[in-house]
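The values are calculated or read from the model by the stated rules, or taken from the named source; none is laboratory data. All values derive from a computational prediction rather than experimental measurement. Cβ placement follows ideal geometry from the backbone for every residue including glycine, while neighbour counts extend to all protein chains displayed. These area figures cover heavy atoms from the full protein model, side chains too; ligands, DNA and RNA do not enter into them. Shrake-Rupley method; radii C 1.70, N 1.55, O 1.52, S 1.80 Å.
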Amino acid sequence: MTERPYSQAAENNKAPILSVLQQHCQAPGALLEIGAGTGQHAAWLSGRLPHLHWQPSDVAANLPHIRQWLSDPGCRALPPVELDVAAHWPTGPFDYLFTANTFHIMAATLVETCIQEGCRQLTDQGKFLVYGPFNYDGQYTSDSNRQFDQWLKEMDDKRGIRDHEWVVEQFARQQRHLLADHEMPANNRLLVFGRG
């Protein structure tokens, strides 16, 4: 059995993310995690939010890695399902959508699609929670974010840290508005969108 993938960032941010989810995801319901990555968040957070039906999703190639993490004791996440932002979405509706560190990996056109399709899968009073780095007023919030953005663009010029205002505008087009903007460790934010 191959060694399961591990993200130090996911390990570092899971507890701060939990504290925000506990504030905004109090009602029981179904949560779709978009881009579950290694599966660490799904394995750890689902056990601490037992009132949520936590559905991890990612591209097909990542599903075996996620399954390795979901065998952890205490994990309450459902088996992972395939999600291709541009082509294939799990059938909703979902009460919550959560995604961490995906918007700067996807091309801007895919972020637009993710927001549009995600909001379509949300219940009317559902919430869409987005974790990651963002620029404000066109400016980096730290030197480390500036360096990170440069590194992302060297790998793929379609990648990059998104402007907070642009993301808010994309959600507004789907009649979902910014309900909260939480400061998180390592110059990240957790944005919460909903009907308000």
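Figures for the structure shown
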item	result
Selected residue [open to solvent by 20 Å² or more (accessible area, probe 1.4 Å) and either among the aliphatic types (A, V, I, L, M) or farther than 22 Å from Ile17 by Cβ (or both)] from Lys127, Lys153	Lys153
Some residue of segment 26-42 being open to solvent by 70 Å² or more (accessible area, probe 1.4 Å) and under 19 Å from Leu191 (Cα atoms)	yes
Index of the failed condition, Tyr96 passing every other in (1) in a strand (DSSP E or B); (2) open to solvent by 40 Å² or more (accessible area, probe 1.4 Å)	(2)
First in segment 180-193 and over 13 Å from His164 (Cβ atoms), second anywhere and polar (S, T, N, Q) and open to solvent by less than 50 Å² (accessible area, probe 1.4 Å), Cβ under 8 Å, 6 or more apart	Met184/Asn13; Pro185/Asn13; Ala186/Asn13
So Gln170, is it modelled with pLDDT of 95 or more and open to solvent by 70 Å² or more (accessible area, probe 1.4 Å)	no
Check on Arg76, of a type outside the set (S, T, N, Q), touching a strand residue (DSSP E or B) at 6+ places or on another chain (Cβ under 7 Å) and either surrounded by 17 or more Cβ atoms within 10 Å (Cβ to Cβ) or in a loop (DSSP other than H, G, I, E, B) (or both)	yes
Hey, Arg146 under 24 Å from His53 (Cα atoms) and open to solvent by 60 Å² or more (accessible area, probe 1.4 Å) or not	no
Which numbered condition Val81 fails, given (1) open to solvent by less than 20 Å² (accessible area, probe 1.4 Å); (2) in contact with a strand residue (DSSP E or B) (Cβ under 6 Å, 6 or more places away or on another chain)	(1)
Looking only at segment 61-106, and only at residues there that are among the charged types (D, E, K, R) and over 17 Å from the mean Cα position of the chain (by Cα), the one that is nearest to Ile161 (Cα to Cα)	Arg67
Residues within segment 55-73 that are of a type in the set (Asp, Glu) and crowded, with 18+ Cβ neighbours inside 10 Å, tallied	1
